[in-house]
1. Somewhere in the range B:116-127, is a residue part of a loop (DSSP other than H, G, I, E, B), buried (at least 20 other Cβ atoms within 10 Å of the Cβ), at the interface with chain A (Cβ under 8 Å from one of its Cβ atoms) and of a type in the set (A, V, I, L, M, F, W, C)?
2. Determine whether B:V107 is within 21 Å of B:F383 (Cα to Cα), crowded, with 22+ Cβ neighbours inside 10 Å and among the β-branched types (V, I, T).
3. In the range A:215-231, which residue that is of a type outside the set (A, V, I, L, M) and within 23 Å of A:Q162 (Cβ to Cβ) is surrounded by the most Cβ atoms within 10 Å (Cβ to Cβ)?
4. I need the full set of residues from the range A:170-196 which are within 11 Å of another protein chain (Cβ to nearest Cβ), surrounded by 24 or more Cβ atoms within 10 Å (Cβ to Cβ) and closer than 30 Å to A:H139 by Cα, in order please.
5. Could you list, in sequence order, all residues of the range A:25-51 that are assigned to a helix (DSSP H, G or I), within 13 Å of chain B (Cβ to nearest Cβ) and modelled with pLDDT of 80 or more?
6. Output the residue which, of all residues in the range B:32-60 that are among the aromatic types (F, W, Y) and within 14 Å of chain A (Cβ to nearest Cβ), is nearest to B:L201 (Cα to Cα).
7. So, in the range B:271-292, of the ones that are within 14 Å of chain A (Cβ to nearest Cβ) and loosely packed, with under 14 Cβ neighbours inside 10 Å, which residue ends up nearest to B:E361 (Cα to Cα)?
8. What are the residues in the range B:134-166 that are within 14 Å of chain A (Cβ to nearest Cβ) and in a helix (DSSP H, G or I), if any?
Amino acid sequence: MPDKETRDERVFRLTRRKALKGLAAGLGALALPKKDASAAVWESFFQKNFRELSRAEIQDVVSRLEKEYSTRYGKPVKVKTSPPMEGVLYGYGLDLSRCIGCRRCVYGCVGENNQSRDPQIHWITVLRLDKERGVDLEHAERYYNPANVPEEGHFYMPVQCQQCENPPCTKVCPVQATWKENDGIVVVDYNWCIGCRYCMAACPYGARHFNWKKPGLPAGEMNPDTHYLGNRPRPVGVVEKCIFCMQRTREADGKYPACVEVCPVGARKFGNLLDPQNEIRFVIENKRVFILKEDLNTQPKFYYFYSV
Amino acid sequence: MKKVWAFIKGCFTLLRQGSKLYYTWIYLLLAFITIGVLAYANQMYNGLITTAMRDQVSWGFYISNFTFMVGVAAAAILLVIPAYVYQWKPIKEIAILGELVAVSAMVMCLLFVTVDLGRPERFWHLIPKIGILNFPQSLLAWDVVVLNLYLVLNFSIAGYMLYNYYYRREPNMKYVTPLLLFSIPAAISIHTVTAFLYNGLAARPFWNASILAPRFLASAFCSGPAGMILMFQVIRKWTKFKIKDEAIFKIAELIAYAMFINLFLLGAEVFKEYYSDTAHLAPMIYLYQGLHGHADLVSYIWTATLFNITAFFLFLIPQTRENQITLNIGCILVFIGVYIEKGMGLVIPGFVPDVLGGFYEYSPTGIEMLVSLGIWATGLLIFTMLLRIAIPIMNGDFHVSDDGIHPHIGDELFLVRRVDEVEEEGDLLAQ
């Protein structure tokens, strides 16, 4: 009798183990993760929208991501979640009379913000325009490639996210994966975006970019100083955009965005619109300023101006 | 509940029965679906880079097909209105087919949107409570709601009626009529909302015209019914189901009116854009004439325009409307014409030239076409299955047998070329 009991128990155990194994295999196949099939895959799958996470949950998410990125890129990666600072509303000025169209800002941005190198994603598009026509987008050329800039008869207009006060891109998102923060920066939760690209259709400035392929980011070029809503490495199939280098600008020892810092002619200005002493306020109050596509009522906080 | 289960079991028994032709057709569709699934697996593995979509043209063939299929789903209400508002018998007999078209078209719409997503596994983010549905802010959220509602509505109406016919009793019209009447505004809402999806984007002047939603409706009332007339011809030639000529001619007449409105609204738009000649004219020039040497869509849109105008006259003139050959030609012309006009002809000029004046000429890759082929095959498979059940029920060949449990199946072949139809053709030739 005891023999039979033990045998029965063994049989039960075996079938249960089999069933569990089968279940695990089935779930694994569902998730389609490769070798690193682990709890992290499920945690990221069931992760809530960033704005609904509690402080403790944010901690969990950040440490999970830091671990994942540090392993992938072979160096310690920091993922910050610094909130907007009180009393700050960012504004950007771009001096069209100075810009020489060298595109250093484009590549400075790519290096700072961990954009994909293959295929290339640029948050800044520099347009070459004819001096005779002025700001006429229908005759803009983005693929200019001369030996030397600036070219005779042309001027240049870099376009990036205009951080609209009335952004048409955020309201169309069907899952609220993108929103405007209190300091005016429009951000995307890359872990919540479903990749429908409605925001790209809604943006009048071509400022949103999609990861059509798994981003190619060489470990050596990866910038380990990242922000969750900003320049952390992006997954395939989500939308990304300029975030005014929030990993730099939102810190107490704040730095200018990379594009401002790299500009060789000082055409780029950046600051707090709410501070009357700020340079950006001086530009708005004293220079000839215009905003792009004013008629659409997007109310950009990106001001083009002429200093000379 | 037991009865529902018995009905469902009966349906599955029925689905397994059919002629060689029926099986060939099903296997053919399954083969196409397999190809589509493999192509989609490729897309999932490599990312959407396998499509021709890029940042400048961020929606393409999938969303074009989606937009067109929303239109096809309208077929249902063009039958529901004459059948249940005007109680016109010849159409009342076939109204249920319209609902089945709507069900199949809605499934295709949802599939087309799903394959377009960069992260389809995150679809649950759209489900209220579990995820966040950005309703009522996002028009895409509205679309998710109305498309699913319309799918459920048509499926319930058709399912309830067929279920009752199966048990040989009349459906209780107290339940059905309100739902049928509600399906009319629901159908209008799926088009309106889908049109608003584009319409609300100030960034895209080509879509940002208030005429867009009315044009959507008008063209939907052409393409859906045209596709349905073609299907009716097949159904009455290859199954036992009888569809009266007068029903088909009436639908063709309705297409003529809808096409007139469609062409008129198009003319109104073309006039406004060309005469005012603002910066917003560029996409229309790109579409109809080509701009700065980019002219991929020009031959397509002129083909569509020519097809639509020809079909309008074919349906307007009673002699050609009531002639089988010209009628079918007209239907094919409308279907293709609207497919171009409401598909790629609507979506792509929204993106070309792009918001910064650039040109990226889009044409779908092989993967996009194969995935779309798979979805079309899925839609046709669902429609065939639904017909396989609905037609025998409507003919009285599939109902519960006298024991009240087991199904009685009188039509074991389903798809067979019908002799009487052949004789009729012979008569026509003799005349």
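1. no
2. Working: within 21 Å of B:F383 (Cα to Cα): yes; crowded, with 22+ Cβ neighbours inside 10 Å: no; among the β-branched types (V, I, T): yes.
When the stated conditions are applied, B:V107 does not pass them.
3. Looking at the filtered set, the residue picked out is A:G230.
4. Within the range A:170-196, A:V172, A:C196 meet the criteria.
5. Once the filter is applied, which keeps residues that are assigned to a helix (DSSP H, G or I), within 13 Å of chain B (Cβ to nearest Cβ) and modelled with pLDDT of 80 or more, the range A:25-51 yields A:V41, A:W42, A:S44, A:F45, A:F50, A:R51.
6. In the first step, residues of the range B:32-60 are kept if they are among the aromatic types (F, W, Y); the result is B:32, B:40, B:45, B:59.
Now restrict to residues that are within 14 Å of chain A (Cβ to nearest Cβ): B:40, B:45, B:59.
Details: B:Y40: 29, B:Y45: 32, B:W59: 14 Å.
Top of the filtered list is B:W59.
7. B:H292
8. Of all residues in the range B:134-166, those within 14 Å of chain A (Cβ to nearest Cβ) come to B:134-148.
Across the range B:134-166, the qualifying residues are B:L139, B:L140, B:A141, B:W142, B:D143, B:V144, B:V145, B:V146, B:L147, B:N148.
The values are calculated or read from the model by the stated rules, or taken from the named source; none is laboratory data. Keep in mind that this is a model prediction, so the values were computed, not measured. Reconstructed Cβ throughout: ideal geometry from the backbone, glycine too, with neighbour counts over all protein chains shown.
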